[in-house]
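In what follows, a single structure is set out as structure tokens and then discussed.
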Amino acid sequence: MKNFGAYLLFLGSLFRRGESPKILFKRTIDEAILIGIDSIFIVAVVSTFIGAVTCVQISYNLTSALIPKSTIGFMVREMTVLEMAPTITSIVLAGKVGSNIAGGLGTMKITEQVDALEVMGINSTSYLVLPKIIASILVFPMLVIIAMFLSILGGYVAGTLTDTLTGQEYITGLRTAFIPYNITFALIKSVVFAFLISSISSYKGYFTTGGALEVGESSTKAVTSSVIALLIADYVCAQVLL
């Protein structure tokens, strides 16, 4: 409870003595490039192979001749949109982006760069942390959309190359009983996950004390706490929104 209260106070400090919109915009764009553009490759690789593996494993388990092969495309789509793309992508980003944020802020803290900003009259949390949170909320949904597309494409390539099903059967399955709200649900989850990962990682990094060893510990704790919070939020979102 003590840590949770400190976390809430930390979030409240983001909006005291805020930076000018011009500076905030520039900082947000810089953070969006670091968080989003630099993460596209790992997201693309993970999502493509997850889609391919999902297709292969579903086809392995569908042994009944009574079940049409187009069901494989339907199940790949549902698993990708509802869970794989938003959740698995966010877990991967928690490891990459979360540790990066915590390590960067932790290094600035122990080298007294954060204290220097405070001495100059700058709200260090607003200047350093708020752009990271805003940038994460902006780019995470974009990365999730890329992950959805590549995961479904990976399933298509894996299914057709292994002659598990034809391309037309896969596309027919993709179009079967499609619910547009599922896309909205996945994007809502990605925004929630983005906020949790960026804010928790920033909190762990901002309050780092000690030396280089403690920076590593903060990064580890940031990833662990972010993943736990992400999984809890995943359940809550599914319970409330579905």
**Prompt:** Under a Cβ-Cβ cut-off of 14 Å, what is the net charge of the residues other than K204 that fall near it, where Lys and Arg count +1 and Asp and Glu count -1?
**Reply:** +1
**Item:** Fraction of accessible area attributable to carbon and sulfur, region 1-118 (%, probe 1.4 Å)
**Value:** 70 percent
**Prompt:** Can you work out ³J(HN,Hα) from phi for every residue in region 206-220, in order, using Karplus 6.51 cos²θ - 1.76 cosθ + 1.60 and θ = phi - 60°, giving whole Hz and x for Gly and Pro?
**Reply:** 5, 9, 6, 10, x, x, 5, 4, 5, 5, x, 5, 5, 5, 5
**Prompt:** Are there GluC sites (Glu not before Pro) in region 46-124 that DSSP marks as loop and that have at most 11 other Cβ atoms within 10 Å, and which are they?
**Reply:** E112
**Request:** Find out how many positive minus negative residues lie around A102, taking Lys and Arg as positive, Asp and Glu as negative, among other residues whose Cβ is under 13 Å from that of A102.
**Result:** +3
**Asked** Tell me, what is the per residue accessible area of the chain in Å², probe radius 1.4 Å?
**Response** 51 Å²
**Item:** Whole-Hz ³J(HN,Hα) from phi, Karplus 6.51 cos²θ - 1.76 cosθ + 1.60, for region 173-189, glycine and proline x
**Value:** x, 5, 8, 6, 6, 6, 10, x, 4, 4, 5, 4, 4, 5, 6, 4, 4
**Request:** Over all alpha-carbon pairs of region 138-242, lay out the pair-distance distribution in 10 Å bins, whole %, shortest bin first.
**Result:** 13, 29, 27, 20, 9, 3
**Request:** For region 8-15, just list the computed ³J(HN,Hα) in residue order, Karplus coefficients 6.51, -1.76 and 1.60, θ = phi - 60°, integers in Hz, with x standing in for Gly and Pro.
**Result:** 5, 5, 4, 5, x, 6, 5, 9
**Request:** Loop only per DSSP, at most 16 neighbouring Cβ atoms within 10 Å: give me the trypsin sites (Lys or Arg not before Pro) in region 155-242, ordered by residue number.
**Result:** none
**Mean ellipticity per residue at 222 nm, deg cm²/dmol - from DSSP H runs of n ≥ 4 across the chain, formula -39500 (n - 2.57)** = -25000 deg cm²/dmol
**Asked** Restricting to lysine pairs 8 or more places apart or on different chains, what number in the chain have Cα atoms under 27 Å apart?
**Response** 26
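The values are calculated or read from the model by the stated rules, or taken from the named source; none is laboratory data. All values derive from a computational prediction rather than experimental measurement. Backbone-built Cβ (ideal geometry, glycine too); neighbour counts: all protein chains shown. What goes into the accessible areas is simple: the full protein's heavy atoms, side chains included, and nothing from ligands, DNA or RNA. Shrake-Rupley method; radii C 1.70, N 1.55, O 1.52, S 1.80 Å.
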